[in-house]
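Following: one structure in structure tokens, then a few remarks.
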Amino acid sequence: MSTQVHAEVTADQVEQISEDLDEPEWLLETRLEAFEALGDLAMPDVIKTPGREWTNLDALDYETLVDPLDYAQEKDRVEAEGVDVLEWSEALDQHGDLLEEHFGSVVDPQRDYLTALSTALFSAGTVVYVPEGVDAEDVKIRTRMNSRSLFNYTLVVAEESSSVTILERQSTGDDAKPVDVGRYYSGIVEAVVGENANVQYGALQSLSEETYNFSVKRGHAGKYGTLNWIEGNLGSRLTKTNVETRLVGDSSESQIVGAFFGHEDQHFDLASRVWHENENTTADLVTRGVLKDSARSVYEGVQDVGRDAWNTSSYQRENTLMLSDESEADASPKLIINNHDTEASHSATVGQVDEEDLFYMTSRSIDPESARNLLVEGFFVPVLEEVAVDELREDIQNQVAARLRE
């Protein structure tokens, strides 16, 4: 456990952030409780494979990475008809009761050290509220980080029989101040999906490679509800991310789609988890990633089927493609089955570009570099075909192509 940030952050700073955002007393109390809990909380669990712990969060120098009162940022929000996409102060003014009901109801504000830190210090907030019966697309949120540290929070509430597609991007802004020791970005997303509601949430992280990135995306899906996560990770120096769904309602569904591409000394610690808690639930977890240079990745996917989750269907597959001998990758798929009426499977592979495929293409007068790039782009196709948000799919394709040309 590390207490470096706790020693630097003060209750006065937490109160100052809350005052700047004109928050009610209940939210200030939540922030202060999270701050006071820091000294007793452990770091988030990291993925372990036999004989190895891949990520050491305690080693980060949070004292120099975090500056609580410097949260310079640019935030763009694009609404769709019938949907409220509000910055934090506006949301508190217009939907205060809704926020009080749902804030911290999906992601425990004190679930671990870094989540509590984010609860205490978040300054970049967005609420997406989808009223009953509204069908909307093309909600967009763009965060450009211009400070040394930034704590971001997004709440999505989709009421009964509503539908929404959301695309959220995180990047480092052109006006970001130079730093000597790195940056720290933290993002928490809570999604509440009502009965017969549908939420498609896509995220693309392309933060500068001096940034340490921590994120939790977690949602609850009600009866007949659907919650699909799409996550692309191409930026940051180190990323620790969790994407999670609780299928709490009968016949609820979730898909978690992930794509990543690491180069140089980037490090990705990626976890996906679905809890099947009711009958007739369905989940599909699919992730593909590419590594070159000395980049590293570790992936863990968990399908947890509860005792009451009759007639469950749950599938998982993860594939990593290695483009250099110096890169490293591992995967740890897991099934936890507590109900015999379950259809479930998981698979994971780590490998290199197929030499026969490469030979075939070069024998057709395609130069080796172009052949390799085409094979890598083709490797991502099964994941990209699952991406329902056209703009996000194109963004990922373009960034993958740009990285291959480096």
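The table below lists the values:
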{"item": "Odd one out for residue 143, checked against (1) open to solvent by 10 Å² or more (accessible area, probe 1.4 Å); (2) within 17 Å of the chain's Cα centre (by Cα); (3) in contact (Cβ under 8 Å) with a residue 24 or more places away in the chain", "result": "(1)"}
{"item": "Any hit, the range 33-41, residues being at pLDDT 90 or above and within 20 Å of the chain's Cα centre (by Cα)", "result": "no"}
{"item": "So residue 81, is it assigned to a loop (DSSP other than H, G, I, E, B) and either surrounded by fewer than 20 Cβ atoms within 10 Å (Cβ to Cβ) or out of contact with any Phe, Trp or Tyr (no Cβ under 6 Å at 6 or more places or on another chain) (or both)", "result": "yes"}
{"item": "Boolean, residue 27 is in a helix (DSSP H, G or I), surrounded by 19 or more Cβ atoms within 10 Å (Cβ to Cβ) and touching a residue at least 60 places away in the same chain (Cβ under 8 Å)", "result": "yes"}
{"item": "Residue match in the range 151-159 (condition: among the charged types (D, E, K, R) and assigned to a strand (DSSP E or B))", "result": "no"}
{"item": "Residue within the range 51-68 that is open to solvent by 30 Å² or more (accessible area, probe 1.4 Å), under 24 Å from residue 169 (Cα atoms) and not aromatic (Phe, Trp, Tyr) present", "result": "yes"}
{"item": "Test for residue 350: is it in a strand (DSSP E or B) and closer than 21 Å to residue 404 by Cβ", "result": "yes"}
{"item": "Count - residues of the range 167-178 that are out of contact with any helix residue (DSSP H, G or I) (no Cβ under 7 Å at 6 or more places or on another chain), outside any loop (DSSP other than H, G, I, E, B) and not acidic (Asp, Glu)", "result": "4"}
{"item": "Positions within the range 120-142 being more than 22 Å from residue 230 (Cβ to Cβ) and in contact with a Lys or Arg (Cβ under 6 Å, 6 or more places away or on another chain), in sequence order", "result": "120"}
{"item": "Residues of the range 146-166 that turn out to be surrounded by fewer than 19 Cβ atoms within 10 Å (Cβ to Cβ) and under 28 Å from residue 71 (Cα atoms), as a count", "result": "1"}
{"item": "Test result for residue 257, without any contact (Cβ under 8 Å) to a residue 60 or more places away in the chain and either closer than 15 Å to residue 203 by Cβ or out of contact with any helix residue (DSSP H, G or I) (no Cβ under 7 Å at 6 or more places or on another chain) (or both)", "result": "no"}
{"item": "Conditions (1) assigned to a loop (DSSP other than H, G, I, E, B); (2) touching a strand residue (DSSP E or B) at 6+ places or on another chain (Cβ under 6 Å): number failed by residue 74", "result": "(1)"}
{"item": "Residue 381, sole failed condition from (1) more than 22 Å from residue 256 (Cβ to Cβ); (2) surrounded by fewer than 12 Cβ atoms within 10 Å (Cβ to Cβ); (3) β-branched (Val, Ile, Thr)", "result": "(1)"}
{"item": "Search result, residues across the range 118-140 that are over 17 Å from the mean Cα position of the chain (by Cα), modelled with pLDDT of 95 or more and either assigned to a helix (DSSP H, G or I) or not hydrophobic (A, V, I, L, M, F, W, C) (or both)", "result": "120, 121, 129, 131, 132, 133, 135"}
{"item": "Residue match in the range 93-101 (condition: in a loop (DSSP other than H, G, I, E, B) and either crowded, with 20+ Cβ neighbours inside 10 Å or modelled with pLDDT of 95 or more (or both))", "result": "yes"}
{"item": "Scope the range 33-50; condition surrounded by fewer than 16 Cβ atoms within 10 Å (Cβ to Cβ) and either in a helix (DSSP H, G or I) or not basic (Lys, Arg) (or both); matching residues", "result": "33, 36, 39, 40, 42, 45, 49, 50"}
{"item": "The one condition in (1) under 30 Å from residue 52 (Cβ atoms); (2) open to solvent by less than 30 Å² (accessible area, probe 1.4 Å) that residue 312 fails to fulfil", "result": "(1)"}
{"item": "Odd one out for residue 174, checked against (1) open to solvent by 10 Å² or more (accessible area, probe 1.4 Å); (2) under 18 Å from residue 67 (Cα atoms)", "result": "(2)"}
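The rows are residues; the columns are (1) touching a helix residue (DSSP H, G or I) at 6+ places or on another chain (Cβ under 9 Å); (2) among the basic types (Lys, Arg).
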{"position": "183", "(1), (2)": "yes, yes"}
{"position": "217", "(1), (2)": "no, yes"}
{"position": "229", "(1), (2)": "no, no"}
{"position": "237", "(1), (2)": "no, yes"}
{"position": "251", "(1), (2)": "no, no"}
{"position": "279", "(1), (2)": "no, no"}
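Here is a yes/no grid of residues against (1) of a type in the set (Gly, Ala, Ser); (2) modelled with pLDDT under 90:
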site: 307; (1), (2): no, no
site: 332; (1), (2): yes, no
site: 338; (1), (2): no, no
site: 367; (1), (2): no, yes
site: 376; (1), (2): no, yes
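The values are calculated or read from the model by the stated rules, or taken from the named source; none is laboratory data. From a predicted model like this one, the values you see are computed outputs, not experimental measurements. So basically every Cβ, Gly included, is an ideal-geometry build from the backbone, and we count neighbours across all protein chains shown. These area figures cover heavy atoms from the full protein model, side chains too; ligands, DNA and RNA do not enter into them. Shrake-Rupley method; radii C 1.70, N 1.55, O 1.52, S 1.80 Å.
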